[in-house]
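The structure appears right after this line, and notes come after that.
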Ligand SMILES: Nc1ncnc2c1ncn2[C@@H]1O[C@H](COP(=O)(O)OP(=O)(O)O)[C@@H](O)[C@H]1O
Ligand SMILES: [Mg+2]
């Protein structure tokens, strides 16, 4: 893969803060609204796996184009959303390139949208697993997003500091997330979204108690 030519920095610092996030909610639950408030989309290094073309970033539509851009960027700016067929193979190639980019320089924000389509519950693919486990020590921030947490890889869930949960569609998701957030299914589902006026969600930092918050538009 070889994105960057020579690593010049000591690129593993276990004392760096963990800002990794898991974002879970049905369509329209406010995932994007929350991310727009939380992530600086104007930052110099930001890379998205963006199958639905949700993010306002320069876009490439092939892994080859992404790799070319990554090689050109080296340790410098790279701002790109990757929109390709959401296959496990493409996702793993994307993760491999992002892993090298995150190793090359920091800070860097990484968004991985609808990971349930491209990961498995049983075992993380190699580079996705590496990325989940090491990105924090490289000074990066990884946001993994899904509507179906119970069907997605668990590696990221063990590596996040923040868990965000908006309105959910299925009982299976609600049950799963109630466990993750440490609240009852009823509490979890008590959030009220008012169209175009507000979204509510639960957010949990580390092992602290989850809190309900509101974004008003
Ligand atoms: N800036 C905004 N002003 C008013 N309503 C908004 C704004 N951003 C999002 N919304 C509304 O908030 C809800 C959540 O949207 P969104 O964040 O796109 O959901 P998701 O990403 O989870 O699918 C939608 O009903 C959307 O219309
Ligand atoms: Mg969205």
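The values are calculated or read from the model by the stated rules, or taken from the named source; none is laboratory data. Worth saying up front: this structure is predicted, and the values here are computed from it rather than measured. With ideal geometry, Cβ positions are generated from the backbone for all residues, glycine too; neighbour counts draw on all protein chains shown.
Flag: residue 42 matches the condition of being at pLDDT 95 or above, surrounded by fewer than 21 Cβ atoms within 10 Å (Cβ to Cβ) and either assigned to a loop (DSSP other than H, G, I, E, B) or within 16 Å of ligand 2 (Cβ to nearest atom) (or both).
Being within 29 Å of residue 194 (Cα to Cα) and either touching a residue at least 60 places away in the same chain (Cβ under 8 Å) or surrounded by fewer than 21 Cβ atoms within 10 Å (Cβ to Cβ) (or both) narrows it down to one residue among 109, 116; which is it? The match here is 116. The single condition among (1) under 15 Å from residue 135 (Cβ atoms); (2) in contact with a helix residue (DSSP H, G or I) (Cβ under 7 Å, 6 or more places away or on another chain); (3) within 16 Å of ligand 2 (Cβ to nearest atom) that residue 102 does not satisfy is (3). Checked against the criterion of being outside any loop (DSSP other than H, G, I, E, B) and either on the phi > 0 side of the Ramachandran plot or within 16 Å of ligand 1 (Cβ to nearest atom) (or both), the candidates 33, 95 yield just one match: 33.
Scanning the range 168-181 for residues that are modelled with pLDDT of 95 or more and in a loop (DSSP other than H, G, I, E, B) yields a single hit, 168.
Condition test on residue 71, is it within 16 Å of ligand 1 (Cβ to nearest atom) and assigned to a helix (DSSP H, G or I)?
no
Here's the yes/no breakdown for (1) assigned to a strand (DSSP E or B); (2) over 21 Å from the mean Cα position of the chain (by Cα); (3) more than 19 Å from residue 23 (Cβ to Cβ):
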position: 186; (1), (2), (3): no, yes, yes
position: 196; (1), (2), (3): no, yes, yes
position: 199; (1), (2), (3): yes, no, no
position: 204; (1), (2), (3): yes, no, no
position: 208; (1), (2), (3): no, no, no
position: 213; (1), (2), (3): yes, no, no
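Of note, residue 61 does not satisfy the criterion of being within 12 Å of ligand 1 (Cβ to nearest atom) and over 22 Å from residue 153 (Cα atoms).
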